[in-house]
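The values are calculated or read from the model by the stated rules, or taken from the named source; none is laboratory data. Because the structure is predicted, anything quoted here is derived from the model rather than measured. Please note: Cβ atoms are built from the backbone with ideal geometry, for glycine as well, and neighbour counts cover all protein chains shown.
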């Protein structure tokens, strides 16, 4: 997968307008029009996975009722779902319309149970595109503006750039979120330099205090001990 997207959440919060990546094939849809009229900033590009990306962790696969049925019958649906789950931390499947003519009630129930229970994929139904657009706007607003907790890199694991992979490594350290990871990388210039920095040097970085610096050095320098192996002896 090669579609890499980036959200500068600090900049987005300053504008007060959620940023939504839209597959360019969906740009003329009523849902995209609704998003634009509600004030969202739309960024069209060709997306290989999903139709709308609302945050570093949330992406939407959109289907009409007719397309949903067709994708079940020709076998495309579950392959698309697997691809979505492999690349998105919190994917949603949104279906426009509630009338199905080729799948019986029993077959539809079986498909939905499989999607929700076997795959863990939430499936939401909307009466029309406008309803979907309104839902997407409020969800993106919650993810990007109203929710101020840090969001770690998770979307598009197969398509990480080198800088994103570096950030991902630093984020794995204790008490280090996305903002602190970026500050560390900007200050030291590389992952290696961060790992070699002493406590005093780490404390010079914005968002890294005495406690974090001490814990980082403890994690990096302490000799590894396999507690599991010792407990099994």
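Assorted remarks:
- Scan of the stretch 91-115 for residues that are part of a strand (DSSP E or B) and out of contact with any helix residue (DSSP H, G or I) (no Cβ under 8 Å at 6 or more places or on another chain), ordered by number: 92
- Some residue of the stretch 77-85 being free of Cβ contacts under 8 Å to residues at least 40 places away in the same chain and part of a loop (DSSP other than H, G, I, E, B): no
- Residues of the stretch 116-158 that are within 23 Å of residue 31 (Cα to Cα), at pLDDT 90 or above and assigned to a loop (DSSP other than H, G, I, E, B): 121, 122, 127, 128.
- Among the conditions (1) under 26 Å from residue 55 (Cβ atoms); (2) at pLDDT 85 or above; (3) not in a loop (DSSP other than H, G, I, E, B), residue 213 misses just one, which is (1).
- Neighbours by Cβ (under 8 Å, 6+ apart or cross-chain): first from the stretch 204-227, under 17 Å from residue 169 (Cβ atoms); second modelled with pLDDT of 90 or more and assigned to a loop (DSSP other than H, G, I, E, B): 217/198
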